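Asks: Okay, here's the structure, questions in a sec.
The values are calculated or read from the model by the stated rules, or taken from the named source; none is laboratory data. If you're wondering where the values come from, they're calculated on a predicted model, not measured in any experiment. Neighbour counts are summed over all protein chains in view; Cβ atoms, including those assigned to glycine, are modelled from backbone coordinates with ideal geometry.
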Amino acid sequence: MSKINDLMARGTELLGSDYAILCGAMSWVSERHLVSAISNAGGFGVIACGAMTPDLLDAEIAATKALATRNFGVNLITMHPQLFELIDVCAKHGVAHVVLAGGLPPKGSLEAIKASGAKVICFAPTLALAKKLIRSGVDALVIEGMEAGGHIGPVSTSVLAQEILPALADKVPIFVAGGIGRGEAIAAYLEMGASGVQLGTRFVCAIESIAHPNFKKAFLRASAREAIASVQIDPRLPVIPVRALRNAGTEAFTAKQREVANKLDTGEVDMMAAQLEIEHYWAGALRRAVIDGDVENGSLMAGQSVGMVSQEESAAEIIATLAQQAESALRARD
Ligand SMILES: Cc1cc2nc3c(=O)[nH]c(=O)nc-3n(C[C@H](O)[C@H](O)[C@H](O)COP(=O)(O)O)c2cc1C
């Protein structure tokens with residue numbers, strides 16, 4: 001295989017992996033087993049810190065290091081109240097790559113990560129913010145379209161790729177995420193200038209993923225059109241949409257928004273507290289589905305590529321299939 005390796009060269013150099021295929025951090029799913037399996041198979045695994053305390057993250061990194069023979073990253077959510085302590089934990093372990101998700105990096109956070117010697121990867125939701133992040137010194141960007149599973153922005157992957165890759169691909173490595181289920185799509189984004197890709201949904205049913213069998217079964221059964229974005233019901237309460245498989249939990253989220261909007265009305269909570277309550281709701285609902293297997297009431301966060309997840313396979317098999325498909329597509333252009 002050489003064509004994808006050539007096109008991924010800047011990505012693999014940055015990540016220290018064989019393929020610039022990141023398994024995007026997925027709360028509750030991206031823990032020691034999946035992360036080490038992805039990295040050991042030549043991809044790049046990323047621990048999802050989510051709402052973990054610094055002590056829990058410390059233990060998770062140590063456990064992942066014990067299983068991983070290759071580099072892996074840690075994904076931190078920018079609005080975590082202990083962000084700087086979490087950065088210190090990554091530094092203590094010599095984590096080489098920190099991914100900052102969930103909004104623009106707060107003042108001092110990029111500097112703190114870079115001071116530890118780690119590379120910083122950030123999500124860029126628009127071309128203007130991508131430029132700003134590059135000026136601030138990020139080492140790489142992820143652009144993620146609304147086809148993705150979990151929290152999403154309003155723009156599709158294909159449009160973000162067209163807006164951002166031609167303008168900035170020569171500045172820093174850019175990884176494209178959202179809706180990628182096969183290698184042919186990877187080949188196309190590499191040809192547009194991407195240095196690699198990030199997938200989440202496609203890796204949920206890896207054999208090494210600890211997601212509950214019920215959660216995996218729901219993925220294996222679902223088609224693209226069942227992975228729907230949550231709807232904001234109250235204009236006063238802006239909620240970041242979440243893409244998930246439709247179930248009773250989808251309706252429960254509507255009720256939750258009403259409850260929180262009422263608390264806003266009565267002044268019981270302010271906007272910041274209201275939004276945090278919504279985020280805590282998602283974290284709890286995802287745990288219920290991924291860990292406890294309650295696929296009716298929990299949150300089945302999944303991207304539209306879920307229709308292309310058809311069997312449980314090892315992380316190594318998934319990465320090999322994606323790489324093979326991408327390579328064949330590129331060779332067919334000769
Ligand atoms: C179940 C699930 C949980 C996720 N949790 C997180 C998270 O905690 N932090 C994050 O930055 N992204 C999260 N994501 C997004 C993934 O990291 C990745 O960017 C996304 O899945 C890529 O799009 P795809 O699902 O179409 O492959 C999650 C995605 C899924 C499916």
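Asks: Could you figure out which of (1) surrounded by 15 or more Cβ atoms within 10 Å (Cβ to Cβ); (2) part of a helix (DSSP H, G or I); (3) in the same structural domain as ASP234 (by TED's automatic domain parsing); (4) modelled with pLDDT of 90 or more isn't true of GLN275?
Replies: (4)
Asks: Got a sec? Which of ILE134, ILE121 is touching a strand residue (DSSP E or B) at 6+ places or on another chain (Cβ under 8 Å), part of a helix (DSSP H, G or I) and touching a residue at least 24 places away in the same chain (Cβ under 8 Å)?
Replies: Answer to the check: ILE134.
Asks: Still on this structure, please answer the following. Would you be able to tell me the number of residues in the range 255-272 that are in contact (Cβ under 8 Å) with a residue 12 or more places away in the chain, of a type in the set (S, T, N, Q) and surrounded by fewer than 14 Cβ atoms within 10 Å (Cβ to Cβ)?
Replies: So the count comes out to 0.
Asks: Among the residues of the range 53-66, write down those that are assigned to a helix (DSSP H, G or I) and out of contact with any Cys (no Cβ under 6 Å at 6 or more places or on another chain).
Replies: If the condition is that a residue be assigned to a helix (DSSP H, G or I) and out of contact with any Cys (no Cβ under 6 Å at 6 or more places or on another chain), then PRO54, ASP55, LEU56, ASP58, ALA59, GLU60, ILE61, ALA62, ALA63, THR64, LYS65, ALA66 are the ones that fit.
Asks: Quick check: is even one residue across the range 43-57 under 18 Å from the mean Cα position of the chain (by Cα) and surrounded by fewer than 20 Cβ atoms within 10 Å (Cβ to Cβ)?
Replies: yes
Asks: Quick check on the range 191-212. Is at least one of its residues over 17 Å from the mean Cα position of the chain (by Cα), assigned to a helix (DSSP H, G or I) and surrounded by fewer than 23 Cβ atoms within 10 Å (Cβ to Cβ)?
Replies: yes
Asks: From the list LYS256, LYS216, pick out the single residue that is part of a helix (DSSP H, G or I) and at pLDDT below 95.
Replies: Just one listed residue meets the conditions, LYS256.
Asks: I'm trying to understand the selection: among the residues of the range 179-210, which are within 14 Å of the ligand (Cβ to nearest atom), among the small types (Gly, Ala, Ser) and touching a Gly at 6+ places or on another chain (Cβ under 9 Å)?
Replies: Scanning the range 179-210 gives GLY179, GLY181, ALA185, ALA194, GLY196, GLY200.
Asks: Something else about it: From SER195, SER223, which residue is closer than 25 Å to SER30 by Cβ and in contact with a strand residue (DSSP E or B) (Cβ under 7 Å, 6 or more places away or on another chain)?
Replies: SER195
Asks: Another question, if that's okay. Going through the range 61-84 one residue at a time, which ones are over 23 Å from PRO105 (Cα atoms) and buried (at least 20 other Cβ atoms within 10 Å of the Cβ)?
Replies: Scanning the range 61-84 gives a single hit, THR64.
Asks: Answer yes or no as to whether ALA285 is among the small types (Gly, Ala, Ser), surrounded by 17 or more Cβ atoms within 10 Å (Cβ to Cβ) and either within 16 Å of the ligand (Cβ to nearest atom) or assigned to a helix (DSSP H, G or I) (or both).
Replies: yes
Asks: Now for a separate question. Take THR69 and decide whether it is without any contact (Cβ under 8 Å) to a residue 40 or more places away in the chain, of a type in the set (Ser, Thr, Tyr) and not in a helix (DSSP H, G or I).
Replies: Against the criterion (without any contact (Cβ under 8 Å) to a residue 40 or more places away in the chain, of a type in the set (Ser, Thr, Tyr) and not in a helix (DSSP H, G or I)), THR69 qualifies.
Asks: Would you check if there is a residue in the range 41-52 being aromatic (Phe, Trp, Tyr), within 16 Å of the ligand (Cβ to nearest atom), in contact (Cβ under 8 Å) with a residue 12 or more places away in the chain and part of a loop (DSSP other than H, G, I, E, B)?
Replies: no
Asks: Restricting to the range 289-334, what's the tally of residues that are crowded, with 22+ Cβ neighbours inside 10 Å and touching an Asp or Glu at 6+ places or on another chain (Cβ under 6 Å)?
Replies: Matching residues across the range 289-334 total 3.
Asks: Looking at GLY16, is it more than 13 Å from the ligand (Cβ to nearest atom), surrounded by fewer than 23 Cβ atoms within 10 Å (Cβ to Cβ), of a type in the set (Gly, Ala, Ser) and within 30 Å of SER328 (Cα to Cα)?
Replies: In short, yes.
Asks: Let me ask something else about it. So if I check each of SER36, SER30, which one is within 16 Å of the ligand (Cβ to nearest atom), among the hydroxyl-bearing types (Ser, Thr, Tyr) and under 18 Å from the mean Cα position of the chain (by Cα)?
Replies: SER30
Asks: Just give me the residues in the range 140-160 being over 9 Å from the mean Cα position of the chain (by Cα) and in a loop (DSSP other than H, G, I, E, B), in sequence order.
Replies: Answer for the range 140-160, where residues must be over 9 Å from the mean Cα position of the chain (by Cα) and in a loop (DSSP other than H, G, I, E, B): GLY145, MET146, GLU147, ILE152, GLY153, PRO154, VAL155, SER156.
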